[in-house]
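J.: Starting off with a structure, shown below.
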Amino acid sequence: MTTTSEHVDLRDDLIRLVTSRLLDPLEILLPQADLTGLRQSVEADAEMWAAQLLGPDDALARQTAIRLMTVLYPGDAPFDPPDTWWATPLGRVTARRAGHPSKEGVSLGVAGAMLGITRQGVHDLVTRNKLARHPEGGVTVASIRARLDHRRES
C-alpha cells in the first residue's frame, strides 16, 4: 500500500529532477524564454507520474519508469546508476516496478542498494534461497523485484 508521504516524496523528487536536468539548462540556453508554463506543467505531470509509478497498473508503472529514465538520464551507454541512486524516491520505485533499467543480473552490492540492505544481507538471502543467483554471477533482478513486492505486501 502506498503512503501519502511516499507519493509526495516521489513527486517532489521528480519535480527536482525534471527541473534540474531539463528546465534549468533550457533557461540557461534561452534566457528570454518564459518557462513559467512549463514549470507548472512539470508540477502537474510529476503528480501524475508519481500516481502511475505507485499505482496498481504494473505495465503502466514500468512504462513510466523506463520513459523517465530515458529522458532524465540520456546517454550512449545503458543507464547504470551509482548505488546511492537506489535510495532516492525514484530509485526505490524503479527497483520495485521496473527493476534495473539495463540488466537482468546485478552484483551483490547493487542488489543490496536496490533492496536497501547490506551486501552481507543479500548474501544471506541468496544462501536461504530468498533471492535467485544469476547464471553469470550476482543476483537476478527479477528475484529482487519479487522480494520488494513481497516486502511491500507484508
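The values are calculated or read from the model by the stated rules, or taken from the named source; none is laboratory data. This structure is a prediction, so every number in the text was calculated from the model and none was measured. Cβ: placed from backbone, ideal geometry, glycine included. Neighbour counts: every protein chain shown. For the accessible areas, the whole protein counts, side chains as well, though only heavy atoms, and no ligand, DNA or RNA atoms are used. Shrake-Rupley method; radii C 1.70, N 1.55, O 1.52, S 1.80 Å.
J.: Considering only residues that are out of contact with any Pro (no Cβ under 6 Å at 6 or more places or on another chain), open to solvent by less than 80 Å² (accessible area, probe 1.4 Å) and polar (S, T, N, Q), which ones fall in the range 95-154?
T.: Ser107, Thr140, Ser143
J.: Condition first: part of a helix (DSSP H, G or I) and either of a type in the set (Asp, Glu) or in contact (Cβ under 8 Å) with a residue 12 or more places away in the chain (or both). Now tell me which residues in the range 117-133 satisfy that. Walk me through how you get there before you give the answer.
T.: The initial filter retains those residues of the range 117-133 that are part of a helix (DSSP H, G or I), namely 119-127.
Within the range 117-133, Val122, His123, Asp124, Leu125, Val126 meet the criteria.
J.: Quick test for you: out of Asp12, Asp83, pick the one residue that is in contact (Cβ under 8 Å) with a residue 60 or more places away in the chain, surrounded by fewer than 18 Cβ atoms within 10 Å (Cβ to Cβ) and farther than 20 Å from Glu153 by Cα. Give the steps one after another, and end with the answer.
T.: Details: Asp83 fails: in contact (Cβ under 8 Å) with a residue 60 or more places away in the chain.
Selected residue: Asp12, the only one of Asp12, Asp83 that is in contact (Cβ under 8 Å) with a residue 60 or more places away in the chain, surrounded by fewer than 18 Cβ atoms within 10 Å (Cβ to Cβ) and farther than 20 Å from Glu153 by Cα.
J.: Examine the range 19-42 for a residue that is modelled with pLDDT of 95 or more, open to solvent by less than 50 Å² (accessible area, probe 1.4 Å), at negative phi and of a type in the set (Ser, Thr, Tyr), and state whether such a residue exists.
T.: yes
J.: Related question: Show the residue pairs that are 6+ apart or on different chains and have beta-carbon atoms under 9 Å apart, the first residue being within the range 91-116 and over 13 Å from Leu148 (Cβ atoms), the second being of a type in the set (Ser, Thr, Tyr) and in a helix (DSSP H, G or I).
T.: Cβ pairs passing all conditions: Pro101/Thr70; Pro101/Thr94.
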